[in-house]
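Below is one structure, written out as structure tokens; comments come after it.
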Amino acid sequence: MKSWPKTLPQKVNREDYASSVPDGRLISKMEGGPAKLRRRFSYRPRLASCSCAMDRGQLQTLRRFIDDDLEGGVLPFRFPAIDEDGIWTVRLGRDLPSWRADGVRFRVELQLVILS
């Protein structure tokens, strides 16, 4: 399994980091009374969104990493954990990374699915 390249930022912008408890519930509306809740599935991957600043060379490294190593963004990879110690196994979320100019650097937005 590939790992997030060491030449890319190893920490994200904390102010842009967001995650939540994954929802694995199935909610069924009842004719009367409260909705019925039950577990939909036992495995619930967590979602995270974050951003990091990259220079032009790092942005090119990111693009090659996605295109070549992740086969267009479909393969999982190891990523430095954000809100805990260790390394996560993740894959890219529904939207592939996007970026915009921020002075002489680029602000790169990432959506991650935390698998473990």
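Filtering region 64-82 down to residues that are more than 20 Å from residue 16 (Cβ to Cβ) and without any contact (Cβ under 8 Å) to a residue 12 or more places away in the chain, which residue is least open to solvent (accessible area, probe 1.4 Å)?
72
Picking from 38, 46, 63, which residue would you name as being modelled with pLDDT of 95 or more and of a type in the set (D, E, K, R)?
Answer to the selection: 63.
Name every residue in region 14-27 that is more than 15 Å from residue 79 (Cβ to Cβ) and either open to solvent by less than 100 Å² (accessible area, probe 1.4 Å) or of a type in the set (Asp, Glu) (or both), in order of residue number.
Residues satisfying the conditions are 15, 16, 18, 20, 22, 23, 24, 26, 27.
Do we find a residue being open to solvent by less than 100 Å² (accessible area, probe 1.4 Å), of a type in the set (S, T, N, Q) and farther than 21 Å from residue 1 by Cβ anywhere in region 28-45?
yes
Residues of region 1-10 being of a type outside the set (A, V, I, L, M, F, W, C) and either in contact with a helix residue (DSSP H, G or I) (Cβ under 7 Å, 6 or more places away or on another chain) or surrounded by 10 or more Cβ atoms within 10 Å (Cβ to Cβ) (or both), which ones?
Within region 1-10, 2, 3, 5, 7, 9, 10 qualify.
Could you please tell me which pairs satisfy a Cβ distance under 9 Å, a separation of 6+ or placement on different chains, a first residue in region 17-41 that is without any contact (Cβ under 8 Å) to a residue 12 or more places away in the chain, and a second residue that is among the β-branched types (Val, Ile, Thr)?
Between residues of region 17-41 that are without any contact (Cβ under 8 Å) to a residue 12 or more places away in the chain and residues that are among the β-branched types (Val, Ile, Thr), the close pairs are 35/27; 36/27.
Give region 83-116 a look and list any residue that's among the polar types (S, T, N, Q), at pLDDT 95 or above and open to solvent by 50 Å² or more (accessible area, probe 1.4 Å), or say none.
98, 111
Would you please name the residue that is nearest to residue 56 (Cα to Cα), looking only at residues in region 14-27 that are part of a loop (DSSP other than H, G, I, E, B) and in contact with a Lys or Arg (Cβ under 8 Å, 6 or more places away or on another chain)?
Ranking the candidates gives 20 first.
The values are calculated or read from the model by the stated rules, or taken from the named source; none is laboratory data. These figures come from a predicted structure and were not determined experimentally. In this analysis, Cβ positions are derived from the backbone assuming ideal geometry, glycine residues included, and neighbour counts consider all displayed protein chains. Calculation scope for accessible area: heavy atoms of the full protein, side chains included, ligands and nucleic acids excluded. Shrake-Rupley method; radii C 1.70, N 1.55, O 1.52, S 1.80 Å.
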